[in-house]
């Protein structure tokens, strides 16, 4: 497998009236062709900002202070805003959490899709409409002619999200970034959308970067997963490996905190404490303040230790295990 | 983030949804306000100018080079003199120092506008809160009553009332209050209607708090911000209205100093004595502008989209 | 049932009229709740699940009379709540409290935590010298300290705020606590803290919960019984284990199947529920689920099923499962 997207040592900071807030510190990850890559973490872990950084869409006063983002070997961060316009919605497309606010309420769905297609391709109107209709059809929307002529508010949440996915698909991207694409949807609709994403990946070979807070969603659809905590990578592994054999204390805690049928009647394992306010200011391990296994070495920053095939974890405990 | 904007390749403006905790960035209310004002040159100018006008109004006898002339005493020997070291901004047709007249003129301008806005807020706010909170027929009655007042152009309504009560600054103030309070009823009503749907209001109801206490404790404190913004801008507009009334002879009466009255007096001497009309005109212009700018800045500061 | 019912809901109906109907002649109506019957037993946790628009939140509000039901009766602790007005109802509110989904917006933004906490006590004329001891004790119990009392809501984290909301709801020692998605706005690790807290409190004080959530795994963890709602109807109700292991209603089955679970990987296959939830303005005839039901037959379009026993402590409203069990 060759890498499609290679994020190397990404740092992101926000300039605020109280000084520099470093929200992402040294995140690296590799997404390969044809896989669904999960990025999981709780609020404030930096998962959304990281995804926005890929398309140079970080809102002010945030900016990338260091790092490389290679898309098929091409550094996206070296590109001008003009060049990025061709990448956005072209080779890389994005889907957001709330489909309703992502669609313009005053234009018909069809018109919005046509706008996107003609931004990236010089084709005539008839050809464009044909392509829009076939794309709407490919995301399992019924009665595409009617949907084409509908305003966003006339569609249900699930249909809106399908339209968003169609919009992302329209210029045949190699990578779709989906930021909490099912969080605003009901569970039965969520299951439909997740299945659709899985199909797109399997049948068309499109890679998907799926950002979510829900380990259940990760488990159902992702091939590989990276766990973020306070702006840093704590663990990366194939989904099966991570869920069956979590190594980092934070991943373990996160999994134990989910209510599962087996533990009914018992207390859940909660992670004590709160996420650090300014993780960039911490010199040691970012999780040390909440970690049940904390010891003297945690005053230093752990790097990612390889602890198995396709499995890395940023914890000194693992280093000691693997080295003897 | 509107999608078309994103796909057409422009920069998104909204911060990422849940990815960092705003309370980390946010200073306490007043510190934040001061920070924004200090950063913004125009807002800084507005605050300084308004402060200068307020000080002029309060300490006019101490600040004016010729206090007696400012209060109205004639000095006919020096009529219509151009600006000089003796009279910094020249003199008027009765020989009075224009600078002193301007400083004294700040008194009716500032006091009447503050009183008008304050009374309008005091009348408009409770009515708006009651109409917005209870809705139904209560809302219907209050809002139709305000519509009645809003149907007349405000300056015209004020002129009619002054014509009825007789021209004086006091009556001009009464007249302006009558045409200004309905705007606050409307503003507070719409704010209240959206607040009423908030969970903390429902939470208070679920505890068993009475309607009156909910309005007092939970609704009114949250209407202060929009009222503050609106009334700041309104003070400028009311200054314009009181000076206009004075200009047409329905406000401040001679020999008291008033910017509108000064422009009225200067009208006949436009060609001989430019300073006589320019300076009061500039005073009105700058003061109204300052209140508008300050109001806009306050709106930016308190805007929930930025002040999260 | 040997235990006494704290809340008895019979024939509860709630219609919301839509504005602007008079031009088109007929006023359009949202049928948010249709003929709901259920009991909440003293000391139990009744979970209420369903997708958005199913009416679970409206039901919670109607029981507390925060929204007045259109028809039907709600008996609470011997009183017919739908008949109570004004001060009598306000006094009754001390015994039934609610915790909302988003704690940041359910606390007044311009009041300190202490001001928010004293409000229920002053409202119900608690003697002033009892205020602080009570507040201190409860703050400690929910895991907060007195240093949080003079803060404003925006200065606390989501988890801390939800603890404050719970403390406020418990100050008046209520018998019934309605929890409306109390953990949905929280992160998983914090969610676990709040669920544990709610579980402990209920055992210590002997509280009764109506726990409303869209998250089946959370409801399963905390509830003794579960009610499943679809489009304004209660379609199934029964003991938690039975519902989770042997759901009777096809909708319950689909719901259980749709929940993403850690350790499962079914998105390749899974015969999922197709289509979308119909509008409650003009709900389908007969069984409201028939438009999406994988096993629907002709009868489902014509007549409306009622709740009937499908197990020892399990009831479902479905023509076909009833037939099966007979």
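None of the figures in this text is laboratory data; all of them are computed from the coordinates on show. Fair warning: this is a prediction, and the values are worked out from it, not measured in the lab. Heads up, the Cβs are rebuilt from the backbone with ideal geometry, glycines too, and the neighbour counts pull from every protein chain shown.
Things worth noting here:
- Per-residue shielding of C:106-113, expressed as the average number of other chain Cβ atoms within 10 Å of the residue Cβ, stands at 5.
- The angle separating the long axis of helix A:109-120 from the principal Cα axis of greatest extent in chain A is about 80 degrees.
- Among A:79, A:60, sorting on how many other beta-carbon atoms sit within 10 Å of each Cβ, with the fewest leading, yields A:60, A:79.
- Shielding of A:267-279 by partner chains, average beta-carbon count, 10 Å: 5
- Exposure proxy order (Cβ contacts within 10 Å, fewest to most) of C:221, C:290: C:290, C:221
- Over chain B, relative contact order from alpha-carbon pairs under 8 Å, at least 6 apart, %: 22 percent
- Relative contact order of chain C, pairs being alpha-carbon contacts under 8 Å that are 6 or more residues apart, as %: 20 percent
- Residue-averaged beta-carbon neighbours from other chains (10 angstrom radius) around C:251-264: 5
- Chain C: C-alpha gyration tensor shape, a/c 1.5 cut-off, then a/b vs b/c: prolate
- Folded to 0 to 90 degrees: helix C:188-205 orientation relative to chain C principal axis, Cα: 80 degrees
- Label-to-label distance, residue C:122 versus residue A:100, with points set 7 angstrom from Cα along the beta-carbon direction: 3.7 nm.
- Looking at the protein assembly as shown alone, DSSP beta bridges between its own residues are antiparallel in about 65 percent of cases.
- Rounded FRET efficiency, nearest 0.05, which uses the C-beta distance separating residue C:306 from residue C:88 and R0 of 22 Å: 0.05
- Ratio of Rg to Rh for region A:3-229: 0.96 [Cα atoms; Kirkwood radius as inverse mean 1/r over pairs].
- Helix B:41-58 vs. chain B, principal-axis angle (Cα, 0 to 90°, nearest 10): 50 degrees
- Region A:251-324: C-alpha gyration tensor shape, a/c 1.5 cut-off, then a/b vs b/c: oblate
- Chain A, relative contact order [Cα under 8 Å, separation at least 6], %: 21 percent
- Taking the DSSP beta bridges with both ends in region A:3-229, the antiparallel portion is around 50 percent.
- Anisotropy class of region C:104-143 from Cα gyration tensor, a/c 1.5 cut: oblate
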